[in-house]
Amino acid sequence: MKNQKQTSPTVPSADGVWEALRLVPGLSHPDVPLADDALATVVVERGVVRWVGPGHALPPAHATLPRFAGQGALTTPGLVDCHTHLVYGGQRANEFALRLAGASYEEVARAGGGIVSSVRATREASEDELFALALPRLQALLDEGVCAIEIKSGYGLALEHERKQLRVARRLGEALGVTVRTTFLGAHALPPEYAGRSAAYTELVCKEMLPALAAEGLVDAVDVFCERIAFTLAETEQVFQAAQKLGIPVKLHAEQLSDMGGSALAARYGALSCDHIEHLSPTGIAAMKAAGTVAVLLPGAYYTLRDTQLPPIQQLRDAGVPMAVSTDHNPGTSPCLSLLLMANMACTLFRLTVPEALAGITSHAARALGLQDSHGLIAAGRPANFVLWRLREAAELAYWLGQKPDCTIVRQGQVVRN
Ligand code: NIG
Ligand code: FE
């Protein structure tokens, strides 16, 4: 693909007419309908998609723009990773070994490992150190076509350290030119200095941490880990009320290890998503459907923890709850840096169909971040985020294991990989 117009010597603009693209069905809104198998043309102007349709219908106004030869490449929207804990210090390979020796995630957590051990390492690291650690992780995800990503806090568990994580998340987005949605997860675990004082910590989260970080523009959404080793339903609701007061949307780590009823609560607060949900009940499903809440499936954590409780996929499907798929990148339960591998696992472990898995890492993932009007779909008026894959068929996106397919990536209106 040749770019004839460059805005800078290193990062070429994607402005122009992208011809001969094989759009993956269901992931675009053409302005002029495309016949089955017809190659598509996408027009990008000033970094925004202006028109999508068959080449023969290209409006004359665009005819003089530079041309990019798509050569029949399979084309999807930029991928969206809607649940990550990407910014942290240290790593937890020791726990991996402990689990191999028979310990469960809950046992490791109760013995002072787990999330709290990442909290220690994150608190010790400076903002610049955390940035340097997270940068290659983010780059690995971007190299596979991710164009929007959620990054949670939750390894600081004190105002200054949560701030540090969220500031790094913002800086990463600016440095790499990618849409980053920040999620405040102050209620991830009880920090050691609050041991036995869960109510006091929840109050700190609601009354001090969240308002301060929101005032600094660092919080796009609020999350809680609602679980018997984390926060109760009542504490979760307190955090949701604090978020609601500030007009910030909520989401939830829900029903991962047990059915706490968190999803139904989250749905009552109009949650963007409920994530994990292996133990989700029919009541939770109905509530999510009614609220338009996305079910975020995290097969990396399911796999790492050797979980056997499958999320209720068929029931979610029957109910018409949109299902997203994400890496849940974190040092404890999902040290995974490939969203395509997660699509594979969502199919193989959870029995998603390929179209469901592809919607799960694009349009439904965008919805889980409140980005459904700007990301996850190739359509006029949206920032130009799309990927040309040199693959024969869409199923290959979920089929290869760890292959990192060859691709051209247009992110935020620039050809960042060719
Ligand atoms: O999404 N479930 C809670 N939070 C993370 C795990 C965090 C950790 O173990 O560090 C998750 O799996
Ligand atoms: Fe998580």
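The values are calculated or read from the model by the stated rules, or taken from the named source; none is laboratory data. As the structure is a computational prediction, the values presented were derived from the model and not from experiment. Methodologically, a virtual Cβ is constructed for each residue, glycine included, from the backbone with ideal geometry; neighbour enumeration extends over all protein chains shown. Note: accessible area is taken over every heavy atom of the protein model, side chains too, but ligands, DNA and RNA are not part of it. Shrake-Rupley method; radii C 1.70, N 1.55, O 1.52, S 1.80 Å.
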Report summary line: In debye to the nearest 20, the charge dipole size for the chain, taken about the Cα centre with +1 at each Lys and Arg Cβ and -1 at each Asp and Glu Cβ, equals 620
Query raised in the report: How big is region 289-377 by the Kirkwood estimate over distinct Cα pairs, in Å?
Result: 13.1
Query raised in the report: Taking the highest mean first, how do the peptides 301-312, 13-24 order by number of other beta carbon atoms within 10 angstrom per residue?
Result: 13-24, 301-312
Requested in this report: Could you work out the equivalent-ellipsoid semi-axes for region 54-150, taking the square root of 5 times each eigenvalue of the Cα gyration tensor, largest first, in whole Å?
Outcome: 45, 17, 10
Requested in this report: Pull out a ≥ b ≥ c, the square roots of the eigenvalues of the alpha-carbon gyration tensor of region 182-300, then state rounded if a/c is under 1.5, prolate if not and a/b is larger than b/c, and oblate in the remaining case.
Outcome: oblate
Query raised in the report: Just the Cα atoms of region 126-238, one point each, no solvent: what log10 I(q)/I(0) does Debye give at q = 0.17, 0.20, 0.23 Å⁻¹?
Result: -0.80, -1.02, -1.22
Report summary line: Checked against the positive end of the charge dipole of the chain (+1 on Cβ of Lys and Arg, -1 on Cβ of Asp and Glu, about the Cα centre), the farthest of GLY113, LEU185, GLN238 is LEU185
Report task. Calculate, axis by axis, the spread of Cα positions in region 268-418 along the three principal axes, and write the results as whole Å, longest axis first. Result -> 46, 35, 29
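Rounded to the nearest whole Å², what accessible area per residue is found for the chain with the 1.4 Å probe?
Roughly 39 Å² per residue, with all protein chains present.
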**Report entry** Translational diffusion coefficient (Stokes-Einstein; Kirkwood radius from C-alpha pairs) of region 234-323 at 20 °C, 1.002 mPa s, in µm²/s
**Finding:** 165
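As a test of the formula, what do you get for the chain when each DSSP H run with n ≥ 4 contributes -39,500 (n - 2.57) and the sum is divided by the residue count, at 222 nm and rounded to the nearest 500 deg cm²/dmol?
-9500 deg cm²/dmol
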Requested in this report: Assign one of three labels to the chain, namely rounded, prolate or oblate, based on the Cα gyration tensor with a ≥ b ≥ c the square roots of its eigenvalues; rounded applies when a/c is under 1.5, prolate when it is not and a/b is larger than b/c, and oblate otherwise.
Outcome: prolate
Query raised in the report: Roughly speaking, to the nearest percent, how much of region 313-415's 1.4 Å accessible area is carbon and sulfur?
Result: 53
**Report entry** Rounded to the nearest 20 debye, dipole of region 7-50 from Cβ charges on Lys, Arg, Asp, Glu
**Finding:** 160
Report task. Among THR84, VAL52, ALA200, pick out the residue whose Cα is farthest towards the positive end of the charge dipole of the chain, where Lys and Arg carry +1 and Asp and Glu carry -1 on C-beta, about the Cα centre. Result -> VAL52
Query - Point-charge dipole on Cβ atoms (K/R +1, D/E -1) for region 188-273, about Cα centre, debye to 20 - result: 160
Requested in this report: First compute the accessible area of region 172-220 with a 1.4 Å probe, then give the percent of it belonging to carbon and sulfur atoms.
Outcome: 52
Report summary line: Expected sort for 38-45, 247-254 on mean C-beta neighbours within 10 Å, highest first, is 247-254, 38-45
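Given the Cα-Cα distance of ALA132 and ASP406 and 0.36 nm per residue of separation, how much length would full extension add, in nm? Kindly include the intermediate steps, with their values, before the conclusion.
Numbers: separation 274, 0.36 × 274 = 98.64 nm, distance 2.63 nm.
Gain on extension, ALA132 to ASP406, equals 96.0 nm.
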Requested in this report: Cross-chain or 8 or more residues apart, Cα under 27 Å: how many lysine pairs in the chain fit that? Count them up, please.
Outcome: 14
Report summary line: Rounded to the nearest 10 Å², the 1.4 Å probe accessible area of ASP406 is 80
Query - Within the chain, percent of DSSP bridges classed antiparallel, to nearest 5 - result: 45
Query - Sequence ranges 108-121, 67-80, 146-159, ranked by mean other-Cβ count within 10 angstrom, highest first - result: 146-159, 67-80, 108-121
Query - Leading residue at positive end of dipole, region 293-418 (Cβ point charges), from THR408, PRO311, THR327 - result: THR408
